[in-house]
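**Q** Let me begin by handing over the structure; questions about it come next.
The values are calculated or read from the model by the stated rules, or taken from the named source; none is laboratory data. Since the model is a prediction, treat every value here as computed from it, not as a measurement. Here Cβ is always computed from backbone atoms with ideal geometry, including for glycine, and neighbour counts include all displayed protein chains.
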Amino acid sequence: MDLILVAVISLGAIGLISAIVLFVASKKFAVYEDPRIGEVAEVLPQANCGGCGYPGCAGFAEACVKAGSLEGKLCPVGGQPVMARVAAILGLEAASAEPKVAVVRCNGSCEHRPRTTRYDGVSSCAVANATYGGETDCTFGCLGCGDCVDACQFDAIHMNPETGLPEVDENACTACGACVKACPRRIIELRPKGKNNRRVYVSCVNKDKGAQTRKACSVGCIGCGKCVKVCPFEAITLENNLAYIDPAKCKLCRKCEAECPQGAILAVNFPPRKPKVETSVEEKPAQTVQPAKAEAKENVNE
């Protein structure tokens, strides 16, 4: 009986000492968390896409609270309405950000980029890019396996079976950037939606020289520089045989589109161009040449 009592007392003492130790440790090593972090996290869409540049919505909420400013911070899924709610919680001003959309910078469909080999491996762009150059002579263009489609959480990008290229639904795209990260060829870019959802960009990432590019794809950029010369706003640069249009400088005049001999520059959501009316040059009436007046015959009076 004494042994049982001693055991019970010993266990009780050990439990009491352990509880005291845990209590002291919890107080000493306690980590304070601002309650506003949870409030901000609740208004976020919880997509955890990483498009904001932070590890999930919880990481973004913590960054917003600790930074003390919303400058340069945007939830691409929630957009400005969500950022306005975040600003209201933190008592800050929501920074305005131009909405963006993913664009596919490859126009090398089957008709423009003939197939020279056939890939019979794992249906993955990452695997295909690591093992061989692609089914065409263009080693820069879309591989067509659809890694970008699998990466999109919002069903905003699909493969077109006729062209073999991905197409973005701009109404569903949140510009989270998941498709950009998934593409091993880096042909997908986030660009501003633009005024009236209009955009002008070079739909090519081929950096080969002109002759080689033209052989591989009939609509590839050949680096001729005509678009650079015709742009009145210096919005186009030419580097490594490839033209690039800076969306911050582009004024959507579309002069470059008409100048490109390859049709590599695309203008999205613009009204169709008015056909040029060829004015027929009316033939001028033949000019009548007045004959020189015959010299008056001298009357010879004999």
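**Q** Can you tell me which condition Cys221 does not meet? The list is (1) within 23 Å of Thr136 (Cα to Cα); (2) assigned to a strand (DSSP E or B), and all the others hold.
**A** Every listed condition holds for Cys221 apart from (2).
**Q** Now, a different point. Is it true that Ser96 is polar (S, T, N, Q) and under 26 Å from Arg198 (Cβ atoms)?
**A** yes
**Q** In the stretch 229-260, how many are closer than 18 Å to Asp208 by Cβ and touching a residue at least 12 places away in the same chain (Cβ under 8 Å)?
**A** Residues in the stretch 229-260 being closer than 18 Å to Asp208 by Cβ and touching a residue at least 12 places away in the same chain (Cβ under 8 Å): 7 in total.
**Q** Please indicate, with yes or no, whether at least one residue in the stretch 134-147 is assigned to a helix (DSSP H, G or I) and either closer than 22 Å to Lys73 by Cα or modelled with pLDDT of 95 or more (or both).
**A** Among the residues of the stretch 134-147, at least one is assigned to a helix (DSSP H, G or I) and either closer than 22 Å to Lys73 by Cα or modelled with pLDDT of 95 or more (or both), which makes the answer yes.
**Q** On to the next question. For residues that are crowded, with 21+ Cβ neighbours inside 10 Å, among the small types (Gly, Ala, Ser) and within 20 Å of the chain's Cα centre (by Cα), tally how many sit in the stretch 123-163.
**A** Matching residues across the stretch 123-163 total 3.
**Q** Please specify each residue of the stretch 100-122 satisfying the condition of being farther than 17 Å from Asn206 by Cβ and crowded, with 20+ Cβ neighbours inside 10 Å.
**A** Listed by number, the residues that qualify are Lys100, Val101, Ala102.
**Q** Something else now. Restricting to the stretch 34-62, what's the tally of residues that are polar (S, T, N, Q) and surrounded by 15 or more Cβ atoms within 10 Å (Cβ to Cβ)?
**A** Pass one, the stretch 34-62, residues polar (S, T, N, Q): 46, 48.
Of the ones still in play, those that are also surrounded by 15 or more Cβ atoms within 10 Å (Cβ to Cβ) are 48.
Of the residues in the stretch 34-62, 1 are polar (S, T, N, Q) and surrounded by 15 or more Cβ atoms within 10 Å (Cβ to Cβ).
**Q** Whether any residue in the stretch 237-249 is outside any strand (DSSP E or B), more than 17 Å from the chain's Cα centre (by Cα) and not β-branched (Val, Ile, Thr) is what I want to check.
**A** Yes, because at least one residue in the stretch 237-249 is outside any strand (DSSP E or B), more than 17 Å from the chain's Cα centre (by Cα) and not β-branched (Val, Ile, Thr).
**Q** Answer yes or no as to whether Gly79 is surrounded by fewer than 15 Cβ atoms within 10 Å (Cβ to Cβ) and on the phi > 0 side of the Ramachandran plot.
**A** no
**Q** Still on this structure, please answer the following. Can you tell me which residue is nearest to Cys106 (Cα to Cα) among those in the stretch 120-143 that are in contact with a Leu (Cβ under 7 Å, 6 or more places away or on another chain) and without any contact (Cβ under 8 Å) to a residue 60 or more places away in the chain? Write out each step before concluding.
**A** Of the stretch 120-143, the ones in contact with a Leu (Cβ under 7 Å, 6 or more places away or on another chain) are 125, 128-129, 134, 142.
Going one step further and asking which of them are without any contact (Cβ under 8 Å) to a residue 60 or more places away in the chain, we end up with 128-129, 134, 142.
Details: Ala128: 17, Asn129: 16, Gly134: 14, Cys142: 7 Å.
Across the stretch 120-143, the extreme among qualifying residues is Cys142.
**Q** Further, regarding this structure: Checking Lys215 against (1) modelled with pLDDT of 95 or more; (2) outside any loop (DSSP other than H, G, I, E, B): exactly one of these is not met. Which one?
**A** (1)
**Q** Conditions: (1) in the same structural domain as Asp147 (by TED's automatic domain parsing); (2) loosely packed, with under 14 Cβ neighbours inside 10 Å. Ala25 meets all but one. Number of the miss?
**A** (1)
**Q** What residue, among those in the stretch 152-209 that are hydroxyl-bearing (Ser, Thr, Tyr) and assigned to a loop (DSSP other than H, G, I, E, B), is farthest from Leu252 (Cα to Cα)? I'd like the intermediate steps shown before the answer.
**A** Here is the first cut: in the stretch 152-209, the residues hydroxyl-bearing (Ser, Thr, Tyr) are 163, 174, 201, 203.
Filter once more, so that each one left must be assigned to a loop (DSSP other than H, G, I, E, B): 163, 174, 203.
Values: Thr163: 27, Thr174: 23, Ser203: 15 Å.
In this case the residue turns out to be Thr163.
**Q** Does Ser69 satisfy the condition of being over 31 Å from the mean Cα position of the chain (by Cα) and either polar (S, T, N, Q) or surrounded by 15 or more Cβ atoms within 10 Å (Cβ to Cβ) (or both)? Steps first, please.
**A** Numbers: over 31 Å from the mean Cα position of the chain (by Cα): no; either polar (S, T, N, Q) or surrounded by 15 or more Cβ atoms within 10 Å (Cβ to Cβ) (or both): yes.
No: the conditions fail for Ser69.
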